[in-house]
C-alpha cells in the first residue's frame, strides 16, 4: 500500500508545478502587453461653427391677429326687390362698383310725380309773383289798400315756399332712386351674399346684404408684456418701429409693416399692452382673422456674439457649449445665453469671437475628447 501513496503524491506535485509554470507565463504575457505603446484614441467626427460678432436686431416676439383695415356691412337704404347681383362671393371689388340693384320702377314713378308737382308749383309761384308786381304798382297809385296788397304778397311768398318744398321733394325722389343702385364704398373683398336676386329687402335691415373687408393696407393686432411698454414708448420717440408678420407654415418672407397704435391702458387681467401695426399687404399675404407670428424691432445691437442655436446644450449646471481647442480636443464651456434670434443664439458671456463650437455630435463628446471636423458650417456674411 505504500507505493500507490507515493505515486499520488508525485502526481499532485507535478500538477502544482505545471500550474505555477502557466501562471508565470501568463503574468509575463500581461507584462509584455502592458509594455507595448497604447493605441491612439479614435477622433469623433463633429460639425463646427465659428463664433462671430455681428449686428443683430433686438426684437419682441408675439402672436398677432390680422384685422381688416376697414369693414363695411352693406345694407339697403330703401325697400324693394333685388333685381341684380353683380359680383361673385369672395370677389375683389373696387370703390364705386355696382354690387346690387333694387327694382327702380316705383321710385321712377315717384320721381316723375315730384317733377310734375314742381312744374305746377313753379308756375303758381311765377303767377303769384307777377300778380304781386302788378298790385305793387296799383298800391303806389293808391288804387288798392295796403291790406289787399299785403294779402297778395303773402300769397306770392306762400307759392314760392310751396315751390321750394316741391324742389326738395324732387331731390329726395332722385336720392331714393339713386339708392336703388348699391355701390361698394371701399376697395376690398366681398364675403358671402346674404340675400340673393329676387328677395325682398328692407331699408336698414338687421342683416347686411354683404360684408366688404379692405385688406390693402391691413392691420395686425398683438399684445406684449407690460414690462416692455417703457422700452417701446422710448424707442417710438426716436422714430417709427418696424414690425414683421409671418403666417404659420409660410414659405414666403415675413411681411413688413410699422407700429401704428399703442393702447391707452394696460389690460389688468392679462398684464399686457395691446399694439397695432399697419402693413401695405400688396400681395394679399395677410388675411383678416389669421393668426401670425409678429416681431417688433426695437433697435440694432452691434457686435453681438453669434453662434448657431444648435450649439447650445443644457445640463445640470445650466447652458454650455463644446469648444474645439487647437489640439483638436473639446472643452465644455459654460455660457450665458442672452436670447435666440431665429437660427442664431446670442451669447452674453463665456465665448470669444473666433472660437469654434460643436454644432452636431455633442452626445458622443466629453471634456478632452479628440474630434475630427467632418463638415464646417459656412459663415454668414
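Somewhere in the stretch 136-143, is a residue outside the structural domain of residue 255 (by TED's automatic domain parsing), in contact with a helix residue (DSSP H, G or I) (Cβ under 6 Å, 6 or more places away or on another chain) and part of a helix (DSSP H, G or I)?
Here is the first cut: in the stretch 136-143, the residues outside the structural domain of residue 255 (by TED's automatic domain parsing) are 136-143.
After this cut, where a residue has to be in contact with a helix residue (DSSP H, G or I) (Cβ under 6 Å, 6 or more places away or on another chain) as well, the list is 139.
Adding the requirement that they be part of a helix (DSSP H, G or I) leaves 139.
Yes, the stretch 136-143 contains at least one residue that is outside the structural domain of residue 255 (by TED's automatic domain parsing), in contact with a helix residue (DSSP H, G or I) (Cβ under 6 Å, 6 or more places away or on another chain) and part of a helix (DSSP H, G or I).
Which of the residues spanning the stretch 144-171 are out of contact with any helix residue (DSSP H, G or I) (no Cβ under 8 Å at 6 or more places or on another chain) and within 30 Å of residue 80 (Cα to Cα)?
Passing the criteria: 164, 168, 171.
Of the residues 331, 300, which is loosely packed, with under 12 Cβ neighbours inside 10 Å and assigned to a strand (DSSP E or B)?
Numbers: 331 fails: loosely packed, with under 12 Cβ neighbours inside 10 Å.
Of 331, 300, the one residue that is loosely packed, with under 12 Cβ neighbours inside 10 Å and assigned to a strand (DSSP E or B) is 300.
Among (1) over 32 Å from the mean Cα position of the chain (by Cα); (2) without any contact (Cβ under 8 Å) to a residue 24 or more places away in the chain, which single condition is residue 227 missing?
Failing condition for residue 227: (1).
Please determine whether any residue of the stretch 214-224 is within 17 Å of the chain's Cα centre (by Cα) and either over 30 Å from residue 61 (Cβ atoms) or surrounded by fewer than 13 Cβ atoms within 10 Å (Cβ to Cβ) (or both).
Within the stretch 214-224, none of the residues are within 17 Å of the chain's Cα centre (by Cα) and either over 30 Å from residue 61 (Cβ atoms) or surrounded by fewer than 13 Cβ atoms within 10 Å (Cβ to Cβ) (or both).
Residue 174 - would you say it is under 30 Å from residue 103 (Cβ atoms), in contact with a helix residue (DSSP H, G or I) (Cβ under 7 Å, 6 or more places away or on another chain), at pLDDT 90 or above and in a helix (DSSP H, G or I)?
yes
Might you let me know whether the stretch 82-94 holds any residue that is within 30 Å of residue 306 (Cβ to Cβ) and touching a strand residue (DSSP E or B) at 6+ places or on another chain (Cβ under 7 Å)?
no
The values are calculated or read from the model by the stated rules, or taken from the named source; none is laboratory data. From a predicted model like this one, the values you see are computed outputs, not experimental measurements. When we count neighbours, we look across all protein chains shown, and the Cβ atoms used for this are built from the backbone with ideal geometry, even at glycine.
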